[in-house]
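The values are calculated or read from the model by the stated rules, or taken from the named source; none is laboratory data. Keep in mind that this is a model prediction, so the values were computed, not measured. Here the Cβ positions follow ideal geometry from the backbone for every residue, glycine too, while neighbour counts run over all protein chains shown.
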Amino acid sequence: MDFELSGEQQMLRDNVARLMKDRCGFEARKGYQASPHGWSDALWREYADMGLLGAPFAEDDGGFGGGAVETMIVTEEFGKALALEPYLQTVVLCGALIKHGASPEKRAELIGKIATGELRLSFAHTERQSGYDLNDVALAARKDGAAFLLNGEKGLVGQGDSADTLIVSARLSGERRDRRGIGLFLVDANAQGVTRRGYPTQDGQRAAEIAFANVRVEPKDVLGEDALPVIERAVDETIAALCAEAVGAMSEALSMTVEYMKTRKQFGVTIGSFQALQHRAADMTVALEQARSMMYLATMMAAEEDAKERAKSISAAKVQIGRSARFIGQQAVQIHGGIGMTYEYKVGHLFKRLTMIDAAYGDADLHVRRLADQGSLFA
Amino acid sequence: MDLRLTEDELAFRAEVRAFLRDNLPASVREKGVAGRKLSKDDYLRWTRILADKGWAVPHWPREWGGTGWSPIKQSIFLDEVQRGNAPEAIAFGVSMVGPVIYTFGSQAQKERFLPRIVDLRDWWCQGFSEPGAGSDLASLRTSARRDGDSWVISGQKTWTTMAQYADWIFVLARTNPQAKKQEGISFFLVDMKTPGIAVRPIETIDGGHEVNEVFLDDVRAPLDALVGEENKGWDYAKFLLANERNGIARVGISKARLDRLRELASIPVYGSGPKMQDPFFRAKIAAVEVELKALEMTQMRVISNRRNDGKPDPASSVLKIKGSEIQQATTELLMEVVGPYALPYEAPDDRTNEPPVGFDWAGPLAPAYFNNRKVSIYGGSNEIQRGIIAKAILGL
């Protein structure tokens with residue numbers, strides 16, 4: 001057992017951390033957030049130049065030969081800086097759908113374009129009625145000769161308003177909640193029949209509700225015809241990356257809080273001298289370390305082939321991350337007092353991102369329930 | 001980064017498991033599973049089996065009986081022993097005074113005491129806490145003065161675990177009342193048979209007898225009862241307490257309790273069916289398991305981190321806090337399994353031949369819950385641990 005990063009991985013972390021410090025300080029981020037995309041094209045090019053966009057893909061597919069550990073390193077740093085770029089959507093989530101679902105030729109074509117930064121992808125999957133159920137897909141894919149016609153609506157598509165290509169899940173057969181019969185389709189975001197309504201989200205990012213009216217998909221753009229296992233696997237990998245992003249955000253929230261405790265004076269002393277606050281900060285540390293441990297577990301298990309074992313570990317990690325995130329986020333605001341409530345100050349935005357991470361892909365309660373219906377975590 | 005166990009480590013785990021299966025006496029194991037009190041003889045028997053195998057003191061230096069295992073292997077061993085419901089090593093010798101002696105003791109002390117700790121010929125107890133010195137241990141008042149060729153020690157120790165079995169006690173006593181409170185303390189090794197020592201039991205809320213008061217009334221110990229240098233005892237005590245916190249996460253014990261919990265919760269105790277059918281109860285188990293899984297990983301991080309420097313890690317305080325909370329949560333869930341029939345009180349320590357009231361497995365559950373409130377108090381209370389985290393990790 002070895003928790004050390006390799007020399008290359010440490011370098012990757014240092015490079016991403018430096019880029020975030022130089023180009024994604026909290027004031028700069030406000031500018032990116034206010035831009036039409038809601039994120040920075042210039043930073044996206046930097047990510048491509050640094051090799052971040054191809055990091056977790058095999059070299060044969062046009063990537064740089066990394067894996068879940070590289071994703072963890074990058075997203076943890078993004079979490080500290082609250083980076084806004086569609087890394088999770090394009091590289092992690094859609095990247096995994098392509099990695100596990102697409103044909104070798106299609107894989108090489110698309111991953112090559114992801115790595116160079118040409119392709120910004122979003123996964124259009126969730127629908128108004130689906131909640132956290134990945135199998136609940138109503139959007140219909142109807143055969144039209146060799147092609148397919150898509151009809152229906154998707155919601156909460158992360159950065160769906162700025163993506164240039166969408167991966168759309170659609171029902172080929174069966175009832176709305178059947179596990180079988182869900183296909184994956186590659187759709188130009190500006191294709192005829194696609195209508196997008198973009199909007200800001202609570203955490204400063206953007207999403208879109210997207211309607212599909214007779215959108216035509218050629219056979220070459222069908223990524224898979226019975227794709228739920230691929231979707232579940234991609235979501236598991238995304239949860240692992242979200243855990244790392246959350247750990248980054250939690251560690252930033254804690255270090256800002258501790259720094260504030262060392263400088264803020266009341267009653268003639270720094271508030272860090274008060275034991276009530278010291279113990280709260282210690283509890284935040286415990287929560288952070290437990291979350292970090294589960295981030296490692298999720299990272300290690302993200303590539304596990306046994307879907308059941310993988311899902312168990314990922315659920316366990318999501319529970320811990322969700323609970324730690326809620327506690328650390330709430331207490332970071334509490335200890336900052338009034339300043340923590342203001343929009344201009346970073347800590348509240350960390351809290352909001354952490355809150356939305358818990359709400360993504362199943363909150364802590366949902367994953368506890370899932371674990372409760374399976375056997376012990378300890379073989 | 002690779003978080004899997006190596007082939008070698010997996011083989012080692014299988015070896016330990018097989019050894020436990022073949023060598024742990026069934027009667028001792030059954031007491032462990034049921035949560036019943038072990039007798040002194042149970043401890044002696046198991047320790048001697050381990051000592052014969054050469055596994056009684058894995059973390060010690062090889063020349064004194066250590067195994068030379070990597071920290072990961074030591075941790076695997078501990079986990080298997082705990083999960084296999086074997087008796088735990090008596091920490092006062094193996095983890096506390098033993099390391100103090102081989103690190104700071106004289107050659108004569110090493111030769112005299114260490115081999116007798118390995119096979120439990122000497123049972124040690126810890127003379128640290130006093131009625132007026134709990135968390136603020138350095139304010140202790142037991143005194144030692146030199147008188148001719150002996151030390152004369154007087155004072156009162158308390159919370160002395162299993163002093164009723166002990167052959168020896170290690171004692172912190174004040175040798176320089178004029179110095180700053182941490183700087184006038186020395187560390188002594190005292191034979192419990194010495195005249196002037198009296199042990200009085202303290203009954204705990206579960207009705208058990210684990211802890212005692214130890215009175216020292218002009219107890220005369222030879223000059224070589226002193227460990228290391230006079231007035232340096234506080235340094236040795238800090239070293240010892242840092243060791244005490246290692247392994248305090250008790251991950252394997254909590255795993256064994258969860259095994260037992262699943263077993264008992266599968267029994268249809270009442271007409272409503274087994275407790276495991278209750279989704280709310282299952283969710284509570286799942287939530288504890290998540291915490292324990294995280295703790296297990298945190299412990300591995302602390303262990304592999306220490307591979308490089310050998311200094312105690314303030315992250316041990318994280319292990320103490322979380323480990324104790326989880327132990328308390330598991331004993332609480334075990335008690336909840338039995339519901340209303342947690343009520344009948346069954347005297348521990350085989351003091352009665354009465355048949356149990358209700359379910360024969362239920363008797364130890366509520367006492368274990370009550371008893372385990374201690375784990376967030378001893379070994380530096382969880383509030384003390386939070387203070388350590390605030391100072392040593394956060395710099396507050």
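Below, the figures for the structure above:
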{"item": "Matching helices (runs of 4 or more DSSP H) fully within the range B:1-100 where at least 2 residues are in contact with an Asp or Glu (Cβ under 9 Å, 6 or more places away or on another chain) and β-branched (Val, Ile, Thr)", "result": "B:26-34, B:71-83"}
{"item": "Test: residue in the range A:268-283 that is over 28 Å from A:VAL74 (Cα atoms), of a type in the set (A, V, I, L, M, F, W, C) and either touching a Lys or Arg at 6+ places or on another chain (Cβ under 6 Å) or in contact (Cβ under 8 Å) with a residue 12 or more places away in the chain (or both)", "result": "yes"}
{"item": "Enumerated helices (runs of 4 or more DSSP H) restricted to the range A:1-64, each holding at least 2 residues that are touching a Gly at 6+ places or on another chain (Cβ under 6 Å)", "result": "A:41-50"}
{"item": "Those strands (runs of 3 or more DSSP E) lying entirely in the range B:148-245 with at least 3 residues among the small types (Gly, Ala, Ser)", "result": "B:150-157"}
{"item": "Meets criteria (hydrophobic (A, V, I, L, M, F, W, C), crowded, with 23+ Cβ neighbours inside 10 Å, at the interface with chain B (Cβ under 9 Å from one of its Cβ atoms) and within 20 Å of the chain's Cα centre (by Cα)) for A:ALA325", "result": "no"}
{"item": "Residues that are over 16 Å from A:GLU259 (Cβ atoms) and either at the interface with chain B (Cβ under 7 Å from one of its Cβ atoms) or at pLDDT below 95 (or both), drawn from the range A:269-281", "result": "A:HIS279"}
{"item": "A:GLY340, sole failed condition from (1) facing chain B (nearest Cβ under 10 Å); (2) without any contact (Cβ under 8 Å) to a residue 40 or more places away in the chain; (3) surrounded by 19 or more Cβ atoms within 10 Å (Cβ to Cβ)", "result": "(1)"}
{"item": "Inter-residue pairs, beta-carbon under 8 Å, first in contact (Cβ under 8 Å) with a residue 40 or more places away in the chain and at positive phi and in the range A:135-156, second of a type in the set (A, V, I, L, M, F, W, C) and in a strand (DSSP E or B), 6+ apart", "result": "A:GLY152/A:ALA140; A:GLY152/A:ALA170; A:GLY152/A:ALA211; A:GLY152/A:PHE212; A:LEU156/A:ALA207"}
{"item": "Number of the exception - B:LEU261 against (1) part of a helix (DSSP H, G or I); (2) at positive phi", "result": "(2)"}
{"item": "Test: residue in the range B:303-310 that is in contact with a helix residue (DSSP H, G or I) (Cβ under 7 Å, 6 or more places away or on another chain) and at pLDDT 95 or above", "result": "no"}
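Here is a yes/no grid of residues against (1) in contact with a helix residue (DSSP H, G or I) (Cβ under 8 Å, 6 or more places away or on another chain); (2) under 17 Å from A:CYS243 (Cα atoms); (3) polar (S, T, N, Q); (4) touching a residue at least 60 places away in the same chain (Cβ under 8 Å):
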{"position": "A:ARG45", "(1), (2), (3), (4)": "no, no, no, yes"}
{"position": "A:ALA48", "(1), (2), (3), (4)": "yes, no, no, yes"}
{"position": "A:ALA55", "(1), (2), (3), (4)": "yes, no, no, no"}
{"position": "A:LEU88", "(1), (2), (3), (4)": "yes, yes, no, yes"}
{"position": "A:GLU105", "(1), (2), (3), (4)": "no, no, no, no"}
{"position": "A:GLU109", "(1), (2), (3), (4)": "no, no, no, no"}
